[in-house]
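The values are calculated or read from the model by the stated rules, or taken from the named source; none is laboratory data. All values reported here derive from a predicted model rather than from experimental measurement. Cβ coordinates were reconstructed from backbone atoms using ideal geometry, including for glycine residues, and neighbour counts include every protein chain displayed. Each accessible area value is taken on the protein alone, full model and side chains, heavy atoms only, with ligands, DNA and RNA left out. Shrake-Rupley method; radii C 1.70, N 1.55, O 1.52, S 1.80 Å.
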Amino acid sequence: MDTNQLYLLNALFAVLALLLPAGIILISGSGLAGSRAAKSAVAGLSAVALAAVGYWACGFAFHLGGIGLVTDHPGLEGLVWEWASPVNLDWGVMGLRGFFMLGEAATAAAHSLYLASLVPVVVAVLLPLLTLRERMPGWMAALAGLVLTALVYPVAANWFSGGGWLMHTGRTLGQGHGYVDLTGLSSAAVVGGLAALLGILFFGRRLPPLPEDEPGKLPPVHLPVLAMLGAFLIIAGTMALTVANPLHTQSGSLTPRIAVNLILAAAGGILVPSLYTWFTTGAADSLMAARGAVAGVFSVAAAMAFIPPWAALVLGAVAGLLVPLVTFLVQNILRIDDPTGAVPVGLLGGVLGVLAAGFFSD
């Protein structure tokens, strides 16, 4: 298979990886009633469009404008401009080449990288938009989405995968291999979950206090079939994403173990909240199981090529257990309105993911 055919195969898997944000949108909508589900669907689709445009215009350059400094992959030779400390070039902050995918970025390799990086960008903007869309005007949501996709996430992604300083902490600080995130999903979940949490705190919208005689409850599921379908789409989309990046596929670093780890992490994320809700309420909660699957995927996405299968199962189980516990805390104790679970699913699942490589890599 020649290089162009490999790039086409990478592009196909990158498009299939869009099943992942589609799954998140379905799970989000399954927990909302009436017109709220319709608004959530529109916000989700808008997030995909904003990510595609913002990342194309500026985000790719800020993220991967210096990738040529850390790889000799053909087609990326011109992407060698990285804003860094003049004392030590290993302390890079952001790339400065490839705006609007022109010039040095108008190559098949760069286009493949754009497609492979797009899904994490979508996840980073999807979590806050689904959570905050009802709290802000449409123009404000669109502006916030563009800032996240064109600047905030790309700069963070440059640090850990585009040639920035977190990639080089192994050399600069003697910290092993530095920051590792194979797919970018765990880091995107942290960025998106943190943005959603900050938005919730900024807008200050709280649920009314519970009556004294009313026990706290988990959020209801209105469309359980959509929740289950969303969980399957997320697993399939994540698997496609792992083989969409040409830097990974052509290096030969991927093995079937990534699929085993992904399935086990998702299984742990589904089983534990199902058992927990069955034990506490008398019936397994499909929404908690679906959200647990997402959190399990986020908890293993950064390190699934580098950890043993038992660790993937443990990570998924821990993430799955945190989902109902933190959901109950956020909704019933703190009375914070987090309708799509961005905090227990995105933020906590992502944090587990970015820590997993350091604790469990073999």
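When peptides 295-303, 263-271, 12-20 are ranked by their average number of other Cβ atoms within 10 Å per residue, the highest-first order is 295-303, 263-271, 12-20.
In the context of the full set of protein chains, the chain has a per residue accessible area of 42 Å² (1.4 Å probe).
On the chain, 73 percent of the accessible area sits on carbon and sulfur atoms, based on a 1.4 Å probe. Relative contact order for the stretch 247-315: 43 percent, from Cα pairs under 8 Å spaced at least 6 residues apart, divided by residue count.
Adding -39500 (n - 2.57) for every DSSP H run of four residues or longer, then dividing by how many residues the chain holds, sets the calculated 222 nm ellipticity at -19000 deg cm²/dmol.
Residues whose amide H comes within less than 5 Å of that of Ala84, counting only those at least five positions distant or on another chain, are Val93 (H built at 1.01 Å from N in the peptide plane).
Farthest toward the positive end of the dipole of the chain, out of Gly320, Leu151, Ala227, is the Cα of Ala227, where the dipole comes from beta carbon charges about the Cα centre.
Mean-square fluctuations from a GNM of the chain, with a 10 angstrom spring cutoff on Cα atoms, peak among Pro86, Pro324, Pro215 at Pro215. A Gaussian network model of the chain, with springs between Cα atoms under 10 Å, assigns the largest mean-square fluctuation among Thr327, Thr340, Thr281 to Thr281.
For the peptides 151-158, 140-147, 194-201, the ranking by mean Cβ contacts within 10 Å, running from highest to lowest, is 151-158, 194-201, 140-147.
The mean sequence separation of alpha-carbon pairs under 8 Å and at least six residues apart, normalised by the residue count of the chain, gives a relative contact order of 22 percent.
A Cβ-based charge dipole, computed about the Cα centre of the chain with Lys and Arg at +1 and Asp and Glu at -1, lands at about 540 debye. Under the membrane-span-like helix rule (DSSP H runs whose alpha carbons stretch at least 27 Å along the helix axis, mean Kyte-Doolittle hydropathy 0.5 or higher), the chain yields 35-54, 108-132, 224-242, 257-281, 309-328.
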